[in-house]
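Values in this text are rule-based calculations from the coordinates and carry no lab data. Everything quoted here is computed from the prediction, not taken from an experiment. Don't worry about glycine lacking a Cβ; one is built from the backbone with ideal geometry, like all the others, and counts go over all protein chains shown.
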Amino acid sequence: MIATLRLLVASVLVGAALLVLLPLQTLTLILLPGRSGLLPVIFHRIILRVFGVRLLLEGKMVRERPLLIVANHVSWLDIAVLGSVAPLSFVAKSEMASWPLFGRLAKLQRTVFIKRDERRSSGDQANVIAERMTAREIMVLFPEGTTSDGNALLPFKTPLFEAAKLALADSPVEEAVVQPVAIHYTRLHGLPLGRARRPHVAWPGDIGLLESLVPIVMTGALDVVVKIGDPIRLMENSNRKVVAAQAHSSIRQMLAD
C-alpha cells in the first residue's frame, strides 16, 4: 500500500514539474540557448528528491574546456544523478530519440544521438560532439555502450573519445580534458547494496524502461555516490585508446574504493 502511494505521489509531482518546466525549457532553447542548461539541473534534482535518491558527491569537475565526462553506466537513473550535478549534455543511442516523453526530454537537454552499430559514421558523430565541446558545453559519454548489472565495469568503446581531440582543432587551447566519473549505488533503505541486490537499480537491456523505473520509485530510499576522478589531459597527438584505458582504470579503481 505504501509503495503504491509512493508511486502515485511521485507521478503527480513529476507530472507537475514537467507541466511547468517543459514549456520554459522550450522557450529558453529558442530565446536563450546559451543558458538552457539550468532548468534540466533543477528538473533532475526534483527527480532525485521525489524518487527518494540521496546523492553524495566526491570531487569536482574541472573548469577547463573542452571537457568530456566519461562515466560507467548502470541505470536510466544515471542521467538524473549526473544531470543534477551541473549543466550537461549527454551522448545517447539513436533509438532513444523516438521514445515517448523520454525522447522529448533528451532533446530538450540537447542530447547528441548516435548510431553505435554504424562504425563508418563514428567520425561524423565524433565531429558533432566535438563541435559542442568547442562551444564550451560539457559532454557526457557512457563508453561501455550499454548498461551493466552494476557489478562489473564493461570494456570501453573508444571511437567517440576522438571527439576530445577533434575539439582542439577549433579551440585556442592545446589540451582537452577527459574526466572519469564513477557512479556507485551503495545503499537501499540504509542497507548495503551487495552483488545480489545491486540489480534492483540496474537497467539490463532485456527489460523495458518502465519495468525498471517503477520498482525504484516504489521502493525509494536509495543512496548513490558519484566520484569525480583526476582529469586526463589530451592533446592532438594523444592516442584515444590509451586515454580510454586510463579512464577505464580510473573508474574501476574508484568503484573498488
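Figures for the structure shown
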quantity	calculated
Whole-angstrom gap from the range 26-48 to the range 168-213, using each part's C-alpha centre	22
Structure-based [θ]222 nm, the chain - -39500 (n - 2.57) summed over DSSP H runs of at least 4, per residue, nearest 500	-13000 deg cm²/dmol
Long-range amide H partners of residue 185 with built H, under 5 Å	225
Estimated vicinal HN-Hα couplings, Hz - the range 180-185 in sequence order (Karplus 6.51, -1.76, 1.60; Gly, Pro = x)	x, 9, 10, 9, 10, 7
Nonlocal amide H pairs with residue 53, under 5 Å, H built at 1.01 Å	222
Residues residue 17 and residue 241, FRET efficiency given R0 of 45 Å [Cβ-Cβ distance, rounded to 0.05]	0.60
Among 150, 208, 194: highest mean-square fluctuation, GNM of the chain, C-alpha pairs under 10 Å	208
Packing-based exposure ordering (other Cβ within 10 Å, fewest first) of 148, 249	249, 148
Interchain or long-range residues, amide H under 5 Å from residue 93's placed H	114
Dipole magnitude (debye, nearest 20) for the chain, charges at Cβ of Lys, Arg, Asp, Glu	380
